[in-house]
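Read the structure below first, then the notes.
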Amino acid sequence: MTTFDTLHDDAVAAPGAKSERRSGAASRLRRVPVGLALSWLILGSVFLWAVAPSFFTGYNPLEGVGGAQLQRPSADHLLGTDALGRDLYARIVYGAVHSLTGAFVAVGLGLAVGTGLGVVAGSVRRRFDDAIMRVVDVLLSIPPLLLSLSIIILLGFGTVNAAIAVGVTSVGGFARLARAEVVRVRRSDYVEAAFGSGGTFASVLWRHILPNSLTSVVAFAALQFGSAVLQISTLGFLGYGAPPPTPEWGLLIAEGRNYISTAWWLTTAPGIVVVLVVLAANRVSQSFGRAAA
C-alpha cells in the first residue's frame, strides 16, 4: 500500500475514532452516580465560598443593617438576618474560609504525622514497630472530643489551635491504616521480586511500596476532612474555636440557639451546610475507596 493510501485510510478512520472517543467519554460521564456528582458540586461550591466570598454576596458579614434584625428569609436576605441585622447567608459564605482552613490544617497534620508513623512502623524491625503502635493505641483509646479539648486547654482558643487539636486526634487512625497498607504491600510478589533483583530498601520503598500503599490513605483523608469539619464546628459551638464575631459555622449555630423558637433559620441554615459538607466528603471518600479496592 502506498503512502497516499495509508494517509487516505487514516483520514477516513479519524472521524470514526473521534466519534468513538466522544461516545466513550459521554458513557463514562453518564456512569457517574448522581450522588457523587452532587457531592462534588457541594464541595466545589463551598471551596469557592472560601476562595472568593465577595463574589457570592455583597453584604458585610460583620456589619448589621439598621432595622433588619431577625428578618425571615426573603429576596433581600436569602437566609434571613441575625439579632444584629447581619445577613446570615453572608456570614455562612464568609465562614467557609475558617471552617475549611481548619479542616485542611487538621487533615494535613494527621496525614503527615500519622502516615509517617505508619510507614516507619510498617518498614522497620518489630521492636520499633511495637513501640510506635503502642503510642498509636494510646491515642486511639482516648475519646477524640476529650483529647481535642485537652489540647485546646493547653494551646488556647482559636481556629488554628482547634484545627491542631482535631489533627492530633486523627494521627492514630492514619498511622494504623498506613502501617497496615505498608505491611500488605511488602508481602506482595512484585515487591519481593524488586528486592530479589537487587533493589535497595529505600528505592523499593519509594518506587513500589509507598505508591501502592497510599491510595487507601487518600480515601481516608477525604473521610477525615468531613469529620474534621464536624469536629471543628463542634468545638466552635462549645466556645473553644474562633471568638465572636468571627462567622465560623459552629459559632453561628451556637449564637442562634437562643432564638430557635423565634428565628429558627439562625441554627438551621448553618447546621444544614455543615451536614451537607460532611455527607459530601463521606460520599467522595467512598468513591476513592472503591477505586482503591
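Observations on the structure shown:
- Applying a DSSP loop filter and a limit of 10 other Cβ atoms within 10 Å to the trypsin sites (Lys or Arg not before Pro) in the stretch 75-139 leaves 125.
- The residues neighbouring residue 179, those whose beta-carbon lies less than 11 Å from its own, together hold a net charge of +1 under the Lys/Arg +1, Asp/Glu -1 convention.
- If you take all other residues with their beta carbon under 13 Å from the beta carbon of residue 70, and give Lys and Arg +1 and Asp and Glu -1, the sum is -1.
- For the stretch 117-157, the Cα gyration tensor yields ellipsoid semi-axes of 28, 10, 7 Å (square root of five times each eigenvalue, largest first, whole Å).
- Using a simple spin-label model with pseudo-atoms 7 Å out from Cα toward Cβ, residue 104 and residue 129 lie 3.7 nm apart.
Quick note: the coordinates plus some simple rules give every number you see, no bench work behind them. Keep in mind it's a predicted model, so treat the numbers as computed, not measured. Please note: Cβ atoms are built from the backbone with ideal geometry, for glycine as well, and neighbour counts cover all protein chains shown.
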